[in-house]
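Below is one structure, written out as structure tokens, with a few remarks after it.
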Amino acid sequence: MIVKDTIQQIPFVDLRAQYESIASEIDDAMSSVVQNTAFILGEEVSLFEQEFAEYCQTKFAVGVDSGTSALELALRAFGIGPGDEVITTANTFIATALAISCTGAKPILVDIDPKTYNIDVNKLENAVTAKTRAIIPVHLYGQPADMDPIQEIARQKDLVVIEDACQAHGARYKGRRTGSLGDAAAFSFYPAKNLGAFGDGGMVVTNDEQVAEFVRMFRDVGQREKYHHEIKGYNHRLDTLQAAVLRVKLKYLDEWNAARRQHAEYYNQLFAGSQVLTPFDADYAEHVYHLYVVRVKDRDMLRKKLWDEFGIGTGIHYPIPIHLQDAYRDLGYQRGDFPVTEVYADQILSLPMFAELTRDQIYKVTEEINKLIDK
Ligand SMILES: Cc1ncc(COP(=O)(O)O)c(C=O)c1O
């Protein structure tokens, strides 16, 4: 076995490369917050909220401390809680379901579309019951869910639609930005996201003033005016330092997303004709490739060899579907309930993807995978 230190590693994500490309701007922005010491809900937070709302083509944006909180607070803003059901996809990060559970509502899962890996809109209607209050479509891996049929079902059944856009900053559905497609949307600024902070952060965006006002109060211990607590809120504020970092990065987001799309195209080209199943780019969507996810045989063996022999980092999003997690045994689902999600969980592999990735690195990744797969 080759010792990893002696070979040129290709990380799954390279946060240092991104920082180095804009280091002086970031350092200045952070230093200015440190100098003026407005660490909690300082001016940078409201400026970033305005800029992010404009970017998402929505009227309001409210900064919070994570994507998970953004989902939870958006649900709470619509009064969703105990006794309610909220439908989402079986193939998502656990936080989508946890946010539903945090409100006291019950997550109801739906299998994924075999092509897009997003919620299967043909199976959605069957999941609706008299208790259903909301749908959370997840724009998984950076590709928007097929929102028109989802909205149609929501209209017919009088349901709220909250987009989980935590992986899809800047993606578009039929020309419109994610975040502007439902009644409200949640974004995460976890460091590795397309728009990532230097720690945790999140945002709720909406066109509904009451929703924005509720989230604004709830995130700040239920107050609008200092020490006047109108509701029982909590501390879910976005840090000023994070907002300052995110304001700098937002200016580069479109450029970085364009680079990700180009990388995906190059990967696709180099995998053409191989046994690697590449992502499907739906014609209604502008995918921003938060993750570049392929499907392969013997995934675990391949993943181990890529790392051990070539220092190529990969990920799995996600290895255990929500309904098979111990934490969600109480939902009563069984293996076999969501067959597409279950089969894919054993085959999916996320390859290195970040804006600064080079063509040489992509070439190396595809070359080694194609060789290992053909053996
Ligand atoms: C689809 C999805 N939903 C929710 C979240 C939760 O975001 P956070 O980690 O910021 O709480 C994430 C990100 O990690 C995510 O990928």
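Here are a few things to note about the model shown:
- Across the stretch 129-175, the number of residues qualifying as outside any loop (DSSP other than H, G, I, E, B) and free of Cβ contacts under 8 Å to residues at least 12 places away in the same chain comes to 3.
- Test: residue in the stretch 274-285 that is in a helix (DSSP H, G or I), of a type in the set (G, A, S) and out of contact with any strand residue (DSSP E or B) (no Cβ under 6 Å at 6 or more places or on another chain): no
- Per this entry, L124 is not counted among residues that are in a helix (DSSP H, G or I), within 14 Å of the ligand (Cβ to nearest atom) and out of contact with any Cys (no Cβ under 9 Å at 6 or more places or on another chain).
- For the stretch 235-279, filtered to residues that are hydroxyl-bearing (S, T, Y) and either in contact with a Gly (Cβ under 8 Å, 6 or more places away or on another chain) or touching a residue at least 40 places away in the same chain (Cβ under 8 Å) (or both), the residue that is nearest to Y344 (Cα to Cα) is S274.
- Positions within the stretch 62-89 being more than 21 Å from T129 (Cα to Cα) and away from the ligand (no atom under 15 Å from the Cβ), in sequence order: A77
- Every condition in (1) in a loop (DSSP other than H, G, I, E, B); (2) β-branched (V, I, T); (3) more than 24 Å from A165 (Cα to Cα) holds for V288 except the one numbered (3).
- Evaluated against (1) surrounded by fewer than 23 Cβ atoms within 10 Å (Cβ to Cβ); (2) touching a Phe, Trp or Tyr at 6+ places or on another chain (Cβ under 7 Å); (3) more than 21 Å from T58 (Cβ to Cβ), V293 falls short on exactly one condition, (1).
- Enumeration of residues in the stretch 117-128 that are in contact with a Leu (Cβ under 8 Å, 6 or more places away or on another chain) and crowded, with 19+ Cβ neighbours inside 10 Å: Y117, N118
- Listed by position, the strands (runs of 3 or more DSSP E) contained in the stretch 182-272 that have at least 3 residues being within 13 Å of the ligand (Cβ to nearest atom) are 184-188, 202-206.
- Taking the stretch 90-116 as the range and being within 12 Å of the ligand (Cβ to nearest atom) and either surrounded by fewer than 24 Cβ atoms within 10 Å (Cβ to Cβ) or in a helix (DSSP H, G or I) (or both) as the test, the residues that pass are F93, I94, A95, T96, A97, L98, A99, I100, C102.
- Odd one out for A327, checked against (1) of a type in the set (A, V, I, L, M, F, W, C); (2) within 16 Å of the ligand (Cβ to nearest atom); (3) surrounded by 15 or more Cβ atoms within 10 Å (Cβ to Cβ): (3)
- Residues of the stretch 35-59 satisfying the condition of being surrounded by 21 or more Cβ atoms within 10 Å (Cβ to Cβ) and not hydroxyl-bearing (S, T, Y): E44, V45, F48, E49, F52, A53, C56
- Answer residue from the stretch 296-316, given it is more than 16 Å from the ligand (Cβ to nearest atom) and surrounded by fewer than 17 Cβ atoms within 10 Å (Cβ to Cβ) and is nearest to D14 (Cα to Cα) among those: W307
- Taking first residues from the stretch 191-202 that are modelled with pLDDT of 95 or more and partners that are open to solvent by 30 Å² or more (accessible area, probe 1.4 Å) and hydroxyl-bearing (S, T, Y), the Cβ contacts under 7 Å between residues at least 6 apart in sequence or on separate chains come to G196/Y190; D200/Y190.
- Residues located in the stretch 70-86, provided they are open to solvent by less than 10 Å² (accessible area, probe 1.4 Å) and within 16 Å of the chain's Cα centre (by Cα): A70, L71, A74
The values are calculated or read from the model by the stated rules, or taken from the named source; none is laboratory data. Since the structure is predicted, the reported quantities are computational estimates derived from the model, not experimental observations. Glycine gets a Cβ as well: all are built from the backbone with ideal geometry, and neighbour counts include every protein chain shown. To get the accessible areas, we keep the full protein, side chains included, count just its heavy atoms, and leave off ligands, DNA and RNA. Shrake-Rupley method; radii C 1.70, N 1.55, O 1.52, S 1.80 Å.
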